[in-house]
1. Kindly tabulate the residues in region A:408-456 with an accessible-area decrease of at least 20 Å² between the chain alone and the assembly of all protein chains, using a probe of 1.4 Å.
2. How big a patch of accessible area, both sides summed and in Å² to the nearest 100, lies buried between B and A at a 1.4 Å probe?
3. When only Cα pairs under 8 Å and 6 or more residues apart are kept, what is the percent relative contact order across chain A?
4. At most 12 other Cβ atoms within 10 Å and a DSSP loop assignment: could you name the chymotrypsin sites (Phe, Trp or Tyr not before Pro) in region B:348-434 that fit?
5. Cα axis of helix A:300-309 to longest principal axis of chain A: angle in degrees, 0 to 90, nearest 10?
6. If you average the sequence gap of Cα pairs under 8 Å that are 6 or more apart and divide by the length of chain B, what percent do you get for the contact order?
7. Using a Förster radius of 35 Å, what is the FRET efficiency between B:S207 and B:E430 based on their Cβ-Cβ separation? Nearest 0.05, please.
8. What ³J(HN,Hα) values, in whole Hz, does the Karplus curve 6.51 cos²θ - 1.76 cosθ + 1.60 give for region A:571-578 when θ = phi - 60°, with x put for Gly and Pro?
Amino acid sequence: MLPASRRMQHCLVIGENDMTAGVQVTLRDDAAAATGPAIAGEVIAVNGPVVRASCRMPIGMSEVVWVGEERMIGEVIGLRGDNATVQVYEDTTGLRPGAPLYASSLPLHAELGPGLLGHIFDGIMRPLEALAAQRGDFIGRGTHAPSLDRDKRWDFDPVLQPGTDVRGGEVLGRVRETATVEHRVLLAPDMQGTLAWVAQPGAYAVDEVIATVVASGGSREVRMFHRWPVRRARPVLLRHAPTVPLQTGQRVIDAFFPLARGGTAAIPGGFGTGKTVTQHNLAKWADADVIVYIGCGERGNEMTGVLTDLPRLEDPRTGRPLMERTVLIANTSNMPVAAREASIYTGITVAEYYRDMGYHVALMADSTSRWAEALREVAGRLEEMPAEEGFPAYLATRLAEFYERAGYVTTLSGAVGSVSVIGAVSPPGGDFTEPVTQHTKRFVRCFWGLDKELASARFFPAINCRDSYSEYAAGLDPWWQEQGVSDWGELRERGLALLGEDSKLQQIVRLVGEESLPDRERMTLEGAAVLREAFLQQNAFDAIDRHSTPQKQVLMLRAILHYIDRGLQLIERKTPLYRIKELPVRTDLMRMRLGIADSEVERLDALLATIDAQMDALAQE
Amino acid sequence: MKGGLQAGLEYRGVDGAQGPLLFLRGVRHVGFGELAEVRSPSGQLLHGRVLDVNEAAIVVEVFEGTAELSLQATTVRFLGHPLHVPVGREMLGRIFDAFGAPLDGAPKPIADDTRDVNGVTINPVCRAYPSDCIQTGISCIDGMNTLVRGQKLPIFSGSGLPHDRLAAQIVRQASIVGEEQGFGVVFAAIGVTHDVAEFFQRSFQESGASRNSVLFLNLADAPSVARLVAPRTALTMAEYLAFDLGMHVLVVLTDITNYCEALREVSTARGEVPSRKGYPGYLYSDLASLFERAGRIHGRPGSITQLPILTMPNDDITHPIPDVTGYITEGQLVLSRELNNRGVYPPVDVLPSLSRLMEDGIGEGRTRPDHSKLASQLYAAYAKTKEIERLASIIGNEELSELNRRYLQFGQRFERQFLSQGDFDNRSFEATLDLAWEVLRPLPDSELTRVTQEQIERYRR
């Protein structure tokens, strides 16, 4: 067996060799379709998803192969002499030595073109709806279906004239993919030349030729889709510092631990702390143009839940079903483990593709721990030397490669787009010192730690404000200034300081009780309690509370801080705390998240006036 | 042997035996995961499964163990397919071993079909989202952790806690409001004692459920490797009942801890790289292959609801077995030794308990509009009560504020009236929710921030 480091070098070499994959792949594929794939070798050993074969034809690292008479899909992950090690993306039960191995000459790739949005794919980009149509309710082995529907015809509208010099990543034409998203047909990033011919506006299937490009190497046909090897990041022109917030509608995130477009975030938490619900909320309410949601090793019913919810929920920005901007990748926990490893890469490749059209894409991966465990399982079957907790030594490298594919960029066509990545982490025993959480922390700049205690009290989102952080917050201040909110940074700092002071006081309260503290400090506790109950807590299942606009968040925060300021003033003048807590406006504050909709923010201004009125009246006494 | 061994041929003599594993050299054309029939020198028939095939040898895991096998006189026959077990309507009301052979002395029932025990993966697109709430008649479940048809909700327990009583009560009382058809029951005993199996058997008989139940027993004295098969056989039967015959099936699997121990035993014998506490790295995937066999399918009338029971080693919820289970299942009911010692039955510790599918199964048109927010209010209030109890144990009750004392009153009422109920106390959703408002009575309106003002006015009469 090759050591891990050598195997990775192989990957890199392949990466350079197939620089032209976007095109060559298409040509070779056509040839293969005419003659059928060649038998490249035969199976000699089977151990779960790991298969070894002796090859009589040269075969490449990362090459897709078909194993057995059923032609199960696999990928070459090791080569030694004539022997190839293959990880098979389907259940290998019944596979025998002597079974044939077919080569495809393709690296593991994704088909990128119109027809991805609104659909659900498995970890290796097979469309699950098409699989259901072929095989019924259960996923059979060796089912093949192209990712993009070949029968569907799309209205193609060219934007370039013949004779134009084109570079990779350039927009050739437009297709209305869904009511919300216009699909920009891109030239594969590794192509360039002069546009010799472009199809007339009209309806075409994805595999019809819509243009030809002439370069020094000859003429090449261009279709509405191209393929891209999933393990390789798609190139961009420039990367920028992330300075625009990704508004998620989740108050604790947007106000205190904001994520920037093109940024990375991790949500670690033990089971039951609400990782998945948080991820679902982000998928529903984040103000991205396109959402890629990867259900990696999670529950089947959860994916079904997403599939049921998204078509019914309305995008607050467009009024259209949220499903129209979403691509789902599902490898549920009972689907083959090797495809779990691949699902992360297929997902991020799709996200990069929409970014390259000039869109802001948010990708949720739930859960990256299952992906890491899939790596571990395959590494174990390869008998690689384990590092921490049985994980392979290259775990950190793989995590870094994944998160580095996020970014706020200028695309090859000169547009601005971004991929934001939010990875859930499922630490065993809820212990954040385990390897996946620790390594992830090194590569993400936003950390939303979930807390078991908060979850037990059904305080959601159960984001623990002491452990969590966002390195983007300072960089977002200019954006808020531009929006006319000059005090955003100040509100945020005051809120966090209040929570910090509260957690110090709570330690004393736990020993001596609240009653023995002076009123001034008890007012701090009261303020923090209102901030937590009225602002940080958010009910994902309440039609009003599930989403808050930035404007509403700022007004809510101002109201709470104003209540605290005025309360402290009264306490200076010896007004007892219980009188302040008895004010009716306190209940109004506590209930504003459930009672005041995004469209009624003027009621929050009125709330400020009410606070003043009631506090003034109290001061008069 | 030129050309190696073909499926169906018998192969005499093995090259090695260790723990439950047999090693055979020079054997070809045997598939991964294939079923093997092993005949001991004394003529006893054993079953095994191929775990690994490579150039050097194939590895067979013998479910009944390798005791009394000799290298020379043992014969192995490969059947060319994975383990299949019989399924059929006539199996209802009967008792079987882990492989579906009758244990009740009656003749073998006529099987409608034989099925691969490993089942097949349901395409997520074809799943129907579970949203029919089950009324178990138990307040802490119905009110705060509502069970939904098609859900997998394990009971996290400890040795000596009444998890069996609770599971039996759920099976006895489970019903869908407004539906006549009851539940079929599939029960798998995995390495539990005769007493436990008999308790369930008796309980099913007394409640009249036994006509619609099937029991698969792998008791504590049966071979441990067969524990890996028993739940799969049970789930294969459940799938047949649910998706072929259209029944609503409750599957009780006890005890998952024994299953995981058997998994570790086999993994260790194979010399695999262990992850946490010696359990194999694929513990998650393996348990998922059991627990994911629950749910509903579009266009098919039946459903599978799973109630696995596991005893947490040393009551430790962070132990790999409950930990991994909690990540796969749709919530958990956690039993508390402390409540049990105080005589509270069912001793469900609601704070760490959870039902993930609850939100979509309850509310207007299903149970009652106030259900969700009321449950959240109970959680918030009870969590605060626990905090105040900790404080009271330091500074004493006398030093507590009036409000904190009211919380303690609520806590008392909650545990004694809401949580506690008898084995045959079957409460409706309506009764449970009314009781919830009732136990919240000591708290002033201003503390009830999780419910809306309208709900307070409507339900807090």
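The values are calculated or read from the model by the stated rules, or taken from the named source; none is laboratory data. Every value quoted in this text rests on a predicted model; they were computed, and no experiment measured them. For neighbour counting, all protein chains shown are included, and Cβ atoms are generated from backbone atoms with ideal geometry for every residue, glycine included. When the accessible area is computed, the model is the full protein with side chains, heavy atoms only, and any ligands, DNA or RNA have been set aside. Shrake-Rupley method; radii C 1.70, N 1.55, O 1.52, S 1.80 Å.
1. Those are A:P428, A:G429, A:S456, which lose 20 Å² or more relative to the chain on its own.
2. Values: alone 19630 and 25350 Å², together 38660 Å².
Protein heavy atoms only, the B-A interface buries about 6300 Å².
3. Values: 1294 pairs, mean separation 78.8, N = 621.
This gives 13 percent for chain A.
4. Details: sites: B:Y379, B:Y382, B:Y407, B:F410, B:F414, B:F418, B:F424, B:F429; in loops: B:F424.
The qualifying sites are B:F424.
5. 70 degrees
6. Working: 953 pairs, mean separation 74.0, N = 461.
It comes to 16 percent, rounded to a whole number.
7. Details: r = 23 Å, r/R0 = 0.66.
That gives a FRET efficiency of 0.90.
8. Calculated HN-Hα couplings, in order: 5, 4, 8, 6, 6, x, 4, 4 Hz.
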